[in-house]
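Only the coordinates and a few stated rules stand behind these numbers; no lab work does. Please read all numbers here as calculations on a predicted model, not as lab measurements. So basically every Cβ, Gly included, is an ideal-geometry build from the backbone, and we count neighbours across all protein chains shown.
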Ligand SMILES: *Cc1c(COP(=O)(O)O)cnc(C)c1O
């Protein structure tokens, strides 16, 4: 099948423009629908980019005025428009710089500001990420000497004051996003630590991690602007977490400190690519990223989508129900009792059950330790999890208590029909166990091995069903091409199959995409004449 076949999307709001984002490309990367409920999934590449950011990447991929002033014809500062957007987004920052990721930002801060001198840091903040990356090792690798202060659970302002001396390069404050120390704990307020550092005239560098530029009331998560307001000299953070942008490290703060970092030789080795700068700028100028949408999606709306999807799947013969769910900001959190072997809340990060769940999982926590967002999911038989993962596009759900949950908070609404088609295709592979009924009224089809009946109409679910002959046979038409075609066609033809099942009208393979324009998932209303009119020759 032709990968380029346009695919119509459906939602309760009607069809929306065809996606190109799930098309296969020249890379070996495979598109994945993130139905895990983990908004920032490390193994899936963290934040998906907005349409604006993708368009910017596309533009930047060609030749642009990246380092050129077109008016004068002279060389100009690389990525100046991205830097201007960042400065505009965070007025509290007098200086801004962008590097490859947050870890690079920390390394550069240490190399440029501390050199071979000491980095004073609390013992409670010496974190390791889930992928074995240890912050203290990074600091040492960057050339600094560690000067640990305090204890695991308690570090006081006095501990810092005692440690700061002539050999201090900088004081580092790390937001311990991936875990929480609770109980008998203490650490000085950031503003107090900043005042202390100002007294000693040593820079305070803050690793704030999450990528929030401003306070987000719904999250108990530090943000760059607040830290700068409290007097932190330089704040480092990630671009591909809650900001919802590309992988990069943002450095914001005092102009003199930022300048020292920018001019340090290491900065060339850590600099951000042109595609990154373009995506970052677009994300800053159009901040309504998929991450933000996932964070803000209303639970009622998610529940309605889950009901619609589950009802549609049931009509297609698949045992499915809409259930309440809990989404997470990231997969790196969770209590020990509820955590799998890779330190992730069971099933969340991997989309596979604990027994099988040894795959890579989210790296850093994002601060919202234990924080869950109410969500809604479609519950399917767990047997479908693997076929879904193997599908095209791949769908990653999470397996909980024998069910495969497809959590909709992390699925953009316009992908619901693609998800429906993917489930239909995977259901066929998973076998009859996940179908609601044995066939009662088989229809003859070209190459179906299995036919099940739903509401008196035939749904073809054979694994080798092919082509137009299958599509035109019988009084109702199947998700047949879903089995044999790429994701794009699968989406469309599955929609037709759904409508056909409901409407009891014949649909034709070649017209699947066009006919599907007429369908909405919510109502499944499809004028039979419209289908007939748009039938392929
Ligand atoms: C995520 C995170 C990092 C690492 O950021 P990268 O952009 O992945 O390098 C460092 N510190 C904190 C607090 C984080 O949350």
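Shape class for region 177-310: oblate, because the ratio a/c of the largest to smallest gyration tensor axis (alpha-carbon atoms, square roots of eigenvalues) is 1.5 or more and b/c is at least a/b.
Nearest 0.05, what FRET efficiency do residue 29 and residue 156 give at R0 = 30 Å with Cβ-Cβ as r? My answer for the efficiency is 0.05. Stretching the chain fully between residue 390 and residue 288 yields a gain of 33.7 nm (0.36 nm per residue, less the alpha carbon separation).
Between residue 128 and residue 66, the modelled labels are 3.7 nm apart [label points 7 Å from Cα along Cα→Cβ].
Given a Förster distance of 35 angstrom, what is the FRET efficiency for residue 75 paired with residue 140, based on the Cβ-Cβ distance and rounded to 0.05? Before the final figure, lay out the partial values.
Values: r = 37 Å, r/R0 = 1.05.
Approximately 0.45, to the nearest 0.05.
Packing here is the average count of other Cβ atoms within 10 Å per residue, and on that basis the peptides 401-409, 185-193, highest first, run 401-409, 185-193.
Quick one: grab the alpha carbon gyration tensor of region 146-227, order the square roots of its eigenvalues as a ≥ b ≥ c, and give me rounded if a/c is under 1.5, else prolate or oblate depending on whether a/b is larger than b/c. Here region 146-227 falls in the oblate category. Rg and Dmax over the alpha-carbon atoms of region 66-111 stand at 13.0, 38 Å. Calculated FRET efficiency, residue 307 to residue 167, Cβ-Cβ distance, R0 = 56 Å: about 0.30 to the nearest 0.05.
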